[in-house]
Amino acid sequence: MSRRNIVKKHYPLPDSQYNSFLISLLTARILKKGKKRLAYSIVLEAFSLIKEKTSKEPIKIFEKAVKNTIPLVKVKAHYVKNVTHQVPFEVTRYRGTTLSLCWIIKAAKDRSGRTISLKLANEIIDASKKLGNAVKKREETHSMAEANKAFAHFQD
């Protein structure tokens, strides 16, 4: 048996303006080369654009968008007897949230538009309406897991 202690996850502190843990996670995913102030300003600008376009509270729309893109299951490659099977497994809540945020940011970067904050705002609005590429990625992941349900007995 291992003598190592179990390491607890260190969650980032909630942001100062909206007091939301999810916004801190989003800022951490956008972060490049340690420029946290720039990443946070991108998020705030995207939220102000969401407020303009929808005239609703941007934090509610963002939470709904994240909720609509969190995957419940995912597939993982598992090597058994010279054959690689795609084995479906359940995703933890924290991992699901992380995947959701990564998919939203990736879909926003792939969009056409002028600034990253505008593209991020549009992707968040689309995800809250169950449209957009991030939601499509979730549906694709779920359908892949459904198709490979026969290999579920190979789980670790």
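For segment 78-92, how many residues meet the condition of being over 16 Å from ALA147 (Cβ atoms) and modelled with pLDDT of 80 or more?
3
Of all residues in segment 23-35, which are closer than 15 Å to ALA65 by Cβ and open to solvent by 30 Å² or more (accessible area, probe 1.4 Å)?
Of everything in segment 23-35, just one residue is closer than 15 Å to ALA65 by Cβ and open to solvent by 30 Å² or more (accessible area, probe 1.4 Å), namely ARG29.
Name every residue in segment 48-73 that is under 21 Å from CYS102 (Cβ atoms) and among the basic types (Lys, Arg), in order of residue number.
LYS64, LYS67
Output yes when any residue across segment 42-58 is on the phi > 0 side of the Ramachandran plot, at pLDDT below 95 and exposed (fewer than 13 other Cβ atoms within 10 Å of the Cβ), and no when none is. First the steps, then the outcome.
First pass over segment 42-58, keeping only residues on the phi > 0 side of the Ramachandran plot: 55.
Those still in the list that are at pLDDT below 95 too: 55.
If we keep only those that are exposed (fewer than 13 other Cβ atoms within 10 Å of the Cβ) as well, we get 55.
Scanning segment 42-58 turns up at least one residue that is on the phi > 0 side of the Ramachandran plot, at pLDDT below 95 and exposed (fewer than 13 other Cβ atoms within 10 Å of the Cβ).
Could you please tell me which pairs satisfy a Cβ distance under 8 Å, a separation of 6+ or placement on different chains, a first residue in segment 53-73 that is within 23 Å of GLU140 (Cβ to Cβ), and a second residue that is among the charged types (D, E, K, R) and assigned to a loop (DSSP other than H, G, I, E, B)?
ASN68/LYS130
Collect the residues in segment 19-41 that are under 20 Å from THR97 (Cα atoms) and of a type in the set (A, V, I, L, M), keeping them in residue-number order.
Of everything in segment 19-41, those that are under 20 Å from THR97 (Cα atoms) and of a type in the set (A, V, I, L, M) turn out to be LEU22, ILE23, LEU25, LEU26, ALA28, ILE30, LEU31, ALA39.
Look at segment 60-71 and say how many of its residues are surrounded by fewer than 19 Cβ atoms within 10 Å (Cβ to Cβ) and either among the aromatic types (Phe, Trp, Tyr) or farther than 21 Å from GLU123 by Cβ (or both).
Going through segment 60-71 one residue at a time, the tally reaches 0.
Having 3 or more residues that are β-branched (Val, Ile, Thr) is the bar; report the helices (runs of 4 or more DSSP H) wholly within segment 45-151 that clear it. Before you say what the answer is, go through the steps one by one.
On the way: elements: 58-69, 93-110, 116-128, 133-147.
Counting at least 3 such residues, we get 58-69, 93-110, 116-128.
Here are some conditions: (1) under 25 Å from ARG37 (Cβ atoms); (2) in contact with a helix residue (DSSP H, G or I) (Cβ under 7 Å, 6 or more places away or on another chain); (3) open to solvent by 20 Å² or more (accessible area, probe 1.4 Å). LYS137 meets all but one. Which one does it not meet?
Unmet for LYS137, out of (1) under 25 Å from ARG37 (Cβ atoms); (2) in contact with a helix residue (DSSP H, G or I) (Cβ under 7 Å, 6 or more places away or on another chain); (3) open to solvent by 20 Å² or more (accessible area, probe 1.4 Å): (1).
Given (1) open to solvent by less than 90 Å² (accessible area, probe 1.4 Å); (2) farther than 21 Å from LYS51 by Cα; (3) in contact (Cβ under 8 Å) with a residue 40 or more places away in the chain, where does ALA121 come up short, assuming only one miss?
Checking ALA121 against (1) open to solvent by less than 90 Å² (accessible area, probe 1.4 Å); (2) farther than 21 Å from LYS51 by Cα; (3) in contact (Cβ under 8 Å) with a residue 40 or more places away in the chain, the one that fails is (2).
Select from segment 77-118 the residues that are open to solvent by 80 Å² or more (accessible area, probe 1.4 Å) and polar (S, T, N, Q) and write down the one among them that is nearest to LYS51 (Cα to Cα).
Filtering segment 77-118 for residues that are open to solvent by 80 Å² or more (accessible area, probe 1.4 Å) and polar (S, T, N, Q), the one nearest to LYS51 (Cα to Cα) comes out as SER112.
Answer with yes or no whether PRO12 is open to solvent by less than 100 Å² (accessible area, probe 1.4 Å), modelled with pLDDT under 95, under 17 Å from LYS137 (Cα atoms) and not acidic (Asp, Glu).
no
The values are calculated or read from the model by the stated rules, or taken from the named source; none is laboratory data. These numbers come from a predicted model, not from an experiment. Here Cβ is always computed from backbone atoms with ideal geometry, including for glycine, and neighbour counts include all displayed protein chains. The protein model used for the area step is the full one, side chains on, heavy atoms only, and it has no ligands, DNA or RNA in it. Shrake-Rupley method; radii C 1.70, N 1.55, O 1.52, S 1.80 Å.
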